[in-house]
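Asks: Quick one: the structure is below, and I'll ask about it shortly.
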Amino acid sequence: FTRVRRRLWELEKRRYHVPWVTMGTTSMVAKTVAAFASPELRDEVLPRVFSGHARLCLGYTEPEGGSDIATCKTRAVRDGDEWVINGSKMFTTGAHNCQYVFLITNTEPDAPKHKSITMFLVPLDTPGIEIQGIRTVDGDRTNIVYYSDVRVDDKYRLGEGNGGWTGLRGP
């Protein structure tokens, strides 16, 4: 956008009460989806993002490891054409207003830390996901998200299994 168009865009978002807090993450994750997702997943997600019908949030921080991605404990285990995810993420800002979470998982716990990460774009309406609001010191809402036997099709994997560091570096 030009500066004028950007300003008009910002004013219109405020006027219509668009959940703006996830605009930056949606843009960032959409670029990663475009670069690393299967054609099937790109076709499902990107048109919805561009039309404003889907927002994306980040599932990085964990209760015990903070934002140190290499200590990821949320597990994803392959089961045929699906993955079963168990764990939790803290400070998943906007999860209650988003349709997908860009989720970091550990798929090889015995591997070196940087060789065990697999990324997924998980629909937040999948059974087994529970989103609980928590308030920050400033009174803003963020979320803790619990994943209990969440089953996602392999099409939701971004990039290679155990190759999550590539996706995290971005396109």
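Asks: Just need the Rg to Rh number for segment 59-152, please, alpha carbons only, Kirkwood Rh.
Replies: Here Rg/Rh amounts to 0.97.
Asks: Got a sec? Which residues in segment 128-152 would a label at Val84 touch, if it sits 7 Å along Cα→Cβ and we count backbone N under 19 Å?
Replies: Answer for this model: 128-130, 146-152.
Asks: A follow-up question, please. What lysines could a cross-link reach from Lys31, if we take a straight Cα to Cα line under 19 Å and drop same-chain neighbours fewer than 8 places away?
Replies: Lys155
Asks: Arrange the residues Ser148, Ser38 by how much accessible surface each exposes, largest first, with a 1.4 angstrom probe.
Replies: These residues rank, largest area first, as Ser148, Ser38.
Asks: Give, rounded to the nearest 20 debye, the magnitude of the charge dipole that segment 1-109 has about its Cα centre when Lys and Arg contribute +1 at Cβ and Asp and Glu contribute -1 at Cβ.
Replies: The calculation lands at about 920 debye.
Asks: Provide the convex hull volume over Cα atoms per residue for segment 1-66, in Å³.
Replies: 128
Asks: Carbon and sulfur atoms: what percent of the 1.4 Å accessible area of the chain do they account for?
Replies: Carbon and sulfur: 52 percent of the exposed surface of the chain.
Asks: State in Å² the accessible area per residue of the chain; use a 1.4 Å probe, count heavy atoms of protein chains only, and round to the nearest integer.
Replies: For the chain, the per-residue accessible area is 56 Å².
Asks: So for the chain, taking the charge dipole from beta-carbon charges (+1 Lys/Arg, -1 Asp/Glu), which of Val152, Thr22, Ser88 sits furthest toward the positive end?
Replies: Thr22
Asks: Okay, next question. If the convex hull of the alpha-carbon atoms of the chain is projected onto planes in all directions, what is the mean projected area in square nanometres?
Replies: The directionally averaged projection comes out at 10.6 nm².
Asks: Now a separate question. Mean-square fluctuation check for the chain, GNM, Cα pairs under 10 Å: which of Arg14, Arg151, Arg48 is largest?
Replies: Arg14
Asks: I've got another one for you. Quote to one decimal, in nm, the extra length available between Arg3 and Ala35 on full extension: 0.36 nm per residue of separation minus the C-alpha distance between them.
Replies: Here the answer is 8.8 nm.
Asks: A further question follows. By a straight-distance test (C-alpha under 18 Å), which lysines pair with Lys115 as possible cross-link partners, with residues fewer than eight away in the same chain excluded?
Replies: Lys73
Asks: Tilt of helix 3-15 relative to the longest C-alpha principal axis of the chain, in degrees (0 to 90, nearest 10)?
Replies: 80
Asks: To continue, here is another question. Taking only Cα atoms and a 10 Å spring cutoff, compute GNM fluctuations for the chain and point out the largest among Met119, Met23, Met90.
Replies: Met23
Asks: Also, I was wondering about something else. Could you check which residue among Tyr147, Tyr60, Tyr16 shows the biggest mean-square fluctuation in a GNM of the chain with a 10 Å Cα cutoff?
Replies: Tyr16
The values are calculated or read from the model by the stated rules, or taken from the named source; none is laboratory data. Only a predicted model underlies this, so the values are computations on that prediction, with no experimental measurement involved. Here the Cβ is made from the backbone with ideal geometry for all residues, glycine too, and neighbour counts use every protein chain on show. The protein model used for the area step is the full one, side chains on, heavy atoms only, and it has no ligands, DNA or RNA in it. Shrake-Rupley method; radii C 1.70, N 1.55, O 1.52, S 1.80 Å.
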